[in-house]
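Working notes, beginning with the structure itself.
Just so you know, all these numbers are worked out from the coordinates, no wet-lab data involved. All values reported here derive from a predicted model rather than from experimental measurement. Every residue, glycine as well, gets a Cβ built from its backbone with ideal geometry; the counts of neighbours run over all protein chains shown.
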Amino acid sequence: MRFRLLVATTLGLNLCVVLAARAADDDSAPPEIPAHLQGLSDQEVSERLRFAEEKLDYRRRYSQAWQYGWTGFYGLGLAVHSYEAATTDSAGRRADYIASSIKSIGGIADKLINPLRARKGAEPLREMPDATPEDRLRRLARAEEFLRVDSKQAQRRDSVLRHAGNIFVNCGAALIVAKGFDTDEDRAWKSAGIGMAVGEAMIFSQPWWPRRHLREYEQRFGPMPPQVSWQIVPTIGGAALVASF
């Protein structure tokens, strides 16, 4: 049993790392210059860049602390729960610790697959060339892209699905442990309550100000055209082309 738990934990961590590598954000490719930025004077571009960089750098250390702090927290939880599961003699407690370990792997995976872009602030912009007006336009295009991404990630804080998912996962784990392994139901639901509280703390502590910064940018310099992305999603009996704005 202990060997199997060790193997499962190792596989879970390896999966997180692989998925994180595939989902790593890449700022290296130069962006195209969108139509709404073409024709701006170099002075206008510089003014927009200064404003955007100031907003992107705002409370960058908090964003870093949130990203790495919660990743480390779930990593510590995985280590502790895996050890407890491997050393306890109680089948019910083992099931509870295994469920907690799986939830910790999910927390790690979420932070690695969906890293908080705001942790980088405006640093990627400073690494871009700015010798020519075209370089600065590309730099501004990337800055606007970052403002959009940061704002979109901040919206997850108020996502009903995200909060519902937190409750569903913890309640589901409690039911499995309580009913499927004949463990103490009070212990199972106490573990679920702690898991939900931690999940909500993580969600509500996520940076919220990028949405305000995007609004301030658009109020000062005019609205940016909406970005449309297309994806094929499975449906009953086929597939559908869905547009996201």
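Among 31-43, 109-121, sorting by the average number of other beta carbon atoms lying within 10 angstrom of each residue, highest first, gives 109-121, 31-43. Each residue of segment 87-101 was assigned a 3J(HN,Hα) from its phi angle through the Karplus expression (A = 6.51, B = -1.76, C = 1.60, θ = phi - 60°), giving 10, 6, 9, 8, 5, x, 5, 4, 4, 5, 5, 5, 4, 5, 5 Hz with x at Gly and Pro.
Packing-based ranking of 51-58, 98-105 yields 98-105, 51-58, ordered from highest to lowest mean Cβ neighbour count within 10 Å.
Straight Cα distances below 21 angstrom link Lys111 to the lysines Lys103, Lys120, Lys152, with same-chain residues fewer than 8 positions distant left out.
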